[in-house]
Amino acid sequence: MTTPQSPYLGRFAPTPSGHLHFGSLVTALASYLDARHQRGHWLVRMEDLDGPRNKAGAAEHILQTLKAHGLIWDGEVLIQSQQTERYQQQIQSWINQGLAYYCDCSRTDLSAYGGVYPGICRERGLPWARDHAVRLRVTDDPIAFTDRLQGKISQRLESEVGDFVIRRRDGVVAYQLAVVMDDIDQGVTQIVRGADLLDSTPRQLWLYQLLEARAPEYLHIPLLMARRGHKLSKRLDSAPIEAAQASVSLYSALVALQQQPPAHLQGGPISEIIAWAIEHWQPGDLPATREIVMDEPV
Ligand code: GLU
């Protein structure tokens, strides 16, 4: 629960691998409304560590599109690629303490293990090499949390995931580590994001434990799927949304979030739609599922 000592601090953390599409507008809107409904702060962080996946102009497009939809963040946008020194220092300190280790397993080496790392390099004591990944040791104690929408989630990391990568073989710091270090650093208390990240959350809670930080509360919203069964995603080339259509997209995003905006707001001023949505935000109206299938193409 939020208290005066720990005010609500939420965030939206897009990856600039493509322009903002309808699915990410819905996620951004949910985290924004949840923060503003609770009179909290809302930050935006650009998760651009995976250089090869970054698309030119995407970060600017995302920020401009958020603004055009009335989703105005507090403070400066944190750019992860400017933070790499901090992540690398943490990785090095865990290697020194024996909590993390180098790994030279290739995808082919691991293909037989169904996505669970079996600890092949755990006791090998490999030295640093340019193309070695770094993995973090985990245990098999269950890691459980209660998602505000999805309910109780529990995972045993060792048997369900295995020691996981915190720096990839190509040198890129893994999302799991960067996201947690930044959420701690920025003082984030509430995370609202897509249910595709639900299975990552126990790994992130393990990182909170190792970093001796208090974990935030989570609300994972169902992913929107088009009728044909694909996630509405920039990765699947859904059309980017246009700032000129902001009022229409915002209204549709509220409908997708199962809020019931009054018909007279349709096509109305952004500020009125946002004001209504902040006041009436009810995340409990969403189904406690990982996906919602949309009837109409957006
Ligand atoms: N950057 C991640 C993504 O775009 C989201 C990270 C998060 O919300 O934890 O999928």
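The values are calculated or read from the model by the stated rules, or taken from the named source; none is laboratory data. All values reported here derive from a predicted model rather than from experimental measurement. Neighbour counts are summed over all protein chains in view; Cβ atoms, including those assigned to glycine, are modelled from backbone coordinates with ideal geometry. Side chains included, ligands, DNA and RNA excluded: accessible areas come from the protein's heavy atoms. Shrake-Rupley method; radii C 1.70, N 1.55, O 1.52, S 1.80 Å.
In the set (1) within 16 Å of the ligand (Cβ to nearest atom); (2) at pLDDT 95 or above; (3) surrounded by fewer than 19 Cβ atoms within 10 Å (Cβ to Cβ), the condition left unmet by Lys231 is number (2).
Say whether the condition of being acidic (Asp, Glu), surrounded by fewer than 21 Cβ atoms within 10 Å (Cβ to Cβ), within 16 Å of the ligand (Cβ to nearest atom) and at pLDDT below 95 is met by at least one residue in the stretch 216-223. Checked the stretch 216-223: no residue is acidic (Asp, Glu), surrounded by fewer than 21 Cβ atoms within 10 Å (Cβ to Cβ), within 16 Å of the ligand (Cβ to nearest atom) and at pLDDT below 95. Does His37 meet the test of being within 14 Å of the ligand (Cβ to nearest atom) and surrounded by fewer than 22 Cβ atoms within 10 Å (Cβ to Cβ)? Spelling it out, it is not the case that His37 is within 14 Å of the ligand (Cβ to nearest atom) and surrounded by fewer than 22 Cβ atoms within 10 Å (Cβ to Cβ). Can you pull out every residue in the stretch 86-140 that is touching a residue at least 60 places away in the same chain (Cβ under 8 Å), of a type in the set (A, V, I, L, M) and farther than 18 Å from Ser159 by Cα? Ile91 - this is the single residue of the stretch 86-140 that is touching a residue at least 60 places away in the same chain (Cβ under 8 Å), of a type in the set (A, V, I, L, M) and farther than 18 Å from Ser159 by Cα.
In the stretch 39-57, the residues that are under 17 Å from Val188 (Cβ atoms) reach residues that are among the small types (Gly, Ala, Ser) and within 13 Å of the ligand (Cβ to nearest atom) with C-beta atoms within less than 6 angstrom, at least six apart or across chains, in these pairs: Gly40/Gly10; Trp42/Gly10; Arg45/Ala13; Met46/Ala59; Glu47/Ala13.
For Arg53, are the conditions met, namely being under 27 Å from Gln258 (Cβ atoms) and either open to solvent by 10 Å² or more (accessible area, probe 1.4 Å) or at pLDDT 95 or above (or both)? No, not satisfied. Scanning the stretch 184-196 for residues being within 11 Å of the ligand (Cβ to nearest atom) and touching a Phe, Trp or Tyr at 6+ places or on another chain (Cβ under 9 Å) gives a total of 3. Of all residues in the stretch 254-298, those satisfying the criterion of being under 18 Å from Leu149 (Cα atoms), part of a helix (DSSP H, G or I) and open to solvent by 60 Å² or more (accessible area, probe 1.4 Å) are Val255, His280, Gly284, Asp285. Of all residues in the stretch 98-120, how many are farther than 21 Å from Gly171 by Cβ and open to solvent by 60 Å² or more (accessible area, probe 1.4 Å)? So the count comes out to 6.
Arg124 - would you say it is surrounded by 11 or more Cβ atoms within 10 Å (Cβ to Cβ) and not aliphatic (A, V, I, L, M)? So Arg124 fits the description; yes. Among the residues of the stretch 119-134, those that are over 14 Å from Ser106 (Cβ atoms) and under 29 Å from the mean Cα position of the chain (by Cα) comprise Gly119, Arg122, Arg130, Val134.
Of the set (1) open to solvent by less than 40 Å² (accessible area, probe 1.4 Å); (2) in a loop (DSSP other than H, G, I, E, B); (3) among the charged types (D, E, K, R), all apply to Asp170 but (1).
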